[in-house]
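The values are calculated or read from the model by the stated rules, or taken from the named source; none is laboratory data. Here the structure is a predicted model, which is why all the values come from computation and not from measurement. All Cβ positions, glycine included, derive from the backbone under ideal geometry; neighbour counts span all protein chains shown. Note: areas computed on protein heavy atoms with side chains; ligands, DNA, RNA excluded. Shrake-Rupley method; radii C 1.70, N 1.55, O 1.52, S 1.80 Å.
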2 protein chains.
Amino acid sequence: MAVEQLTADEREKALAALPEWTLREDGLAIIRAFKFRDFNAAWGFMSRVALLAETHDHHPEWSNVYNRVEITLTTHEAGGLSLRDVAMAKAIDALA
Amino acid sequence: MAVEQLTADEREKALAALPEWTLREDGLAIIRAFKFRDFNAAWGFMSRVALLAETHDHHPEWSNVYNRVEITLTTHEAGGLSLRDVAMAKAIDALA
């Protein structure tokens, strides 16, 4: 099943429900930054996100520097944000 | 014990022994990019590097996009490359 990009209206509505996430400047991705006690805690969180990513078959673009993690969600095959990103963001929020 | 930045000579010698790593443009870090079969394989590798990082008490700056991992090593308290980066790079090479 093709994954479609959210319309501007859908995007606005989705972002309103994801207050911790920021729309990337180009409007094609959402970003959230996390800060933990130390690397051990950051890695624990990343491990849980990795399992989510496999479950959702939707993988983040992410980076880690010691206790900081930044996650970017976008849907390449949709050329921007899709419902898959919204679902993944909500699942990540439920962990954090 | 204070961690000292490598001298230019030491850096050159270290890089010669780490052919897979590239010196960052500013000369303060080394970078290596890895590509795996899929996210599962990339994550497996990252998990092993995470354990190394805790063992060495030296943590990478790294990013992951699906099957790709990019690792940057630098020593903040030395203001650039130190022997800790060289040791960590060798340990990572031994995994890859």
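Only residues that are at the interface with chain B (Cβ under 10 Å from one of its Cβ atoms) and in contact (Cβ under 8 Å) with a residue 12 or more places away in the chain were counted in region A:34-48, giving 5.
Given the conditions (1) buried (at least 17 other Cβ atoms within 10 Å of the Cβ); (2) under 30 Å from A:T74 (Cβ atoms), which single one is not true for B:D85? Every condition holds for B:D85 apart from (2). Candidates in region B:52-78 are the residues that are open to solvent by 40 Å² or more (accessible area, probe 1.4 Å) and more than 10 Å from chain A (Cβ to nearest Cβ); of these, the one that is farthest from the chain's Cα centre (by Cα) is B:E77.
Looking only at region B:19-48, which residues are in contact with a strand residue (DSSP E or B) (Cβ under 7 Å, 6 or more places away or on another chain) and surrounded by 15 or more Cβ atoms within 10 Å (Cβ to Cβ)? Answer for region B:19-48, where residues must be in contact with a strand residue (DSSP E or B) (Cβ under 7 Å, 6 or more places away or on another chain) and surrounded by 15 or more Cβ atoms within 10 Å (Cβ to Cβ): B:W21, B:L23, B:R24, B:L28, B:A29, B:I30, B:I31, B:R32, B:F34, B:A42, B:F45, B:M46. Residues of region A:6-18 that are of a type outside the set (K, R) and either buried (at least 18 other Cβ atoms within 10 Å of the Cβ) or closer than 29 Å to B:R48 by Cβ (or both): A:L6, A:A14, A:L18. Counted as qualifying within chain A are the strands (runs of 3 or more DSSP E) with 2 or more residues that are of a type in the set (K, R), namely A:30-35.
Does any residue in region A:50-69 that is under 21 Å from A:V3 (Cα atoms) come within less than 8 Å, Cβ to Cβ, of a residue that is open to solvent by 60 Å² or more (accessible area, probe 1.4 Å) and not basic (K, R) six or more places away or on a different chain, and which pairs are these? Final answer for the pair search is A:E54/B:N40; A:H59/B:V65; A:H59/B:Y66; A:E61/B:V65.
When you check A:V86 against the structure, is it over 11 Å from the mean Cα position of the chain (by Cα) and among the hydrophobic types (A, V, I, L, M, F, W, C), yes or no? Against the criterion (over 11 Å from the mean Cα position of the chain (by Cα) and among the hydrophobic types (A, V, I, L, M, F, W, C)), A:V86 does not qualify.
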